[in-house]
Amino acid sequence: MRLRLVTSNAHKLQEYGRILGGLGCMLPLDQVDADSVVECGATYYQNAYRKAFLGMLSVPAALADNSIILADDSGLELSLFDNMPGVQSARFRHAHLLERAALSAFLSEHRVSTTPARFICWIVAFLPGSRRCVACSGSVSGIVTPESRGSHGFGYDPLFTPDGYSLTFSEMDSRLKDLISHRARAAQALWCALQGALPLRP
C-alpha cells in the first residue's frame, strides 16, 4: 500500500511526509504531478476532489489498485475582508504582485496592522482501486500582519501567527508547526478515517 499525493508543490510533499510520519503512518508517500490541474472549484473541497480524482485517473491501474490517491486545497481567510483570499489564496493578485506580497500590499494599503484570520485545509483521498473517497478538514485561527517574519515554511506562513503563540508559522520549528497547523489537523482526521475504512499496511 502506498500514498500518492497529487501536488506540484515540493514543500507540501515534504510537509505531509513529516506530518504523516508523526502520526505513525508508515506507508510510502509519492508525488503525482498536478501541473495540469486547474483549481476552478468554488470551495476547497471541490478543488481537492478534482485534483484527487484527476490524479487517480493519471495513475496506471496496477498502481492505483495499491494506492491511496490524495489531494488537498487550503486557504487563508481574513474575517474583516469577507474571508478573502479564501479559495483564491494561491492565485491572489493585488497591485500586480503575487500571493504573499500581494496580501502584504493589500493590508498595508488598508492600513491594517493585524487582522483575525484562519487557515483552512480540506483533504480528499480515493481508496485503492475504487471511486470511494474520504474527505476531512482542519483549521487553525490566528492573526495576519503585513510584515513577513521567519524563513521556514511556504506560502503565507511568514504572515500568520496562530492563536496562543508569538511566532509566525515561518518562525516555528517544523515539529511544532506540524502539530498545530491546519494541514496537520486535516491529515490527522484523514488518517483516523482511513484506518477505519481499510486495513493499512506498509
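The values are calculated or read from the model by the stated rules, or taken from the named source; none is laboratory data. These numbers come from a predicted model, not from an experiment. Methodologically, a virtual Cβ is constructed for each residue, glycine included, from the backbone with ideal geometry; neighbour enumeration extends over all protein chains shown.
Details
- Unique residue being farther than 20 Å from Cys133 by Cα and touching a residue at least 24 places away in the same chain (Cβ under 8 Å) when the list is Ile69, Ile19: Ile19
- Each residue in the stretch 162-183 was checked for being touching a residue at least 12 places away in the same chain (Cβ under 8 Å), among the small types (Gly, Ala, Ser) and closer than 23 Å to Pro146 by Cβ, and 2 pass.
- Top-ranked residue in the stretch 37-71 [being over 18 Å from the mean Cα position of the chain (by Cα) and in a loop (DSSP other than H, G, I, E, B); ranked as surrounded by the most Cβ atoms within 10 Å (Cβ to Cβ)]: Val59
- Condition broken by Ser130, with the remaining ones in (1) among the polar types (S, T, N, Q); (2) at pLDDT 95 or above; (3) more than 13 Å from the chain's Cα centre (by Cα) satisfied: (2)
- Some residue of the stretch 84-105 being surrounded by 22 or more Cβ atoms within 10 Å (Cβ to Cβ) and either over 25 Å from Ser141 (Cα atoms) or modelled with pLDDT under 90 (or both): no
- Condition check for Leu107: touching a residue at least 12 places away in the same chain (Cβ under 8 Å) and assigned to a strand (DSSP E or B): no
- Lone unmet requirement of (1) in a loop (DSSP other than H, G, I, E, B); (2) surrounded by fewer than 20 Cβ atoms within 10 Å (Cβ to Cβ); (3) out of contact with any Ser or Thr (no Cβ under 7 Å at 6 or more places or on another chain) for Gly150: (3)
Yes or no, residue by residue, for (1) among the aliphatic types (A, V, I, L, M); (2) within 13 Å of Ile123 (Cβ to Cβ); (3) touching a His at 6+ places or on another chain (Cβ under 8 Å):
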residue: Gln14; (1), (2), (3): no, no, no
residue: Gly17; (1), (2), (3): no, no, no
residue: Val38; (1), (2), (3): yes, no, no
residue: Ala42; (1), (2), (3): yes, no, no
residue: Gly55; (1), (2), (3): no, yes, no
residue: Val59; (1), (2), (3): yes, no, no
residue: Leu63; (1), (2), (3): yes, no, no
residue: Ser67; (1), (2), (3): no, no, no
residue: Asp82; (1), (2), (3): no, no, no
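- Flag if Ser74 is outside any strand (DSSP E or B) and among the hydroxyl-bearing types (Ser, Thr, Tyr): no
- Test: Ala102 is outside any strand (DSSP E or B), among the aliphatic types (A, V, I, L, M), within 19 Å of the chain's Cα centre (by Cα) and closer than 25 Å to Glu171 by Cα: no
- Checked against (1) in contact with an Asp or Glu (Cβ under 8 Å, 6 or more places away or on another chain); (2) surrounded by 15 or more Cβ atoms within 10 Å (Cβ to Cβ), Gly129 passes all but a single condition, namely (2).
- Residue in the stretch 5-27 that is in contact with a strand residue (DSSP E or B) (Cβ under 7 Å, 6 or more places away or on another chain), within 27 Å of Ser151 (Cβ to Cβ) and surrounded by fewer than 18 Cβ atoms within 10 Å (Cβ to Cβ) present: yes
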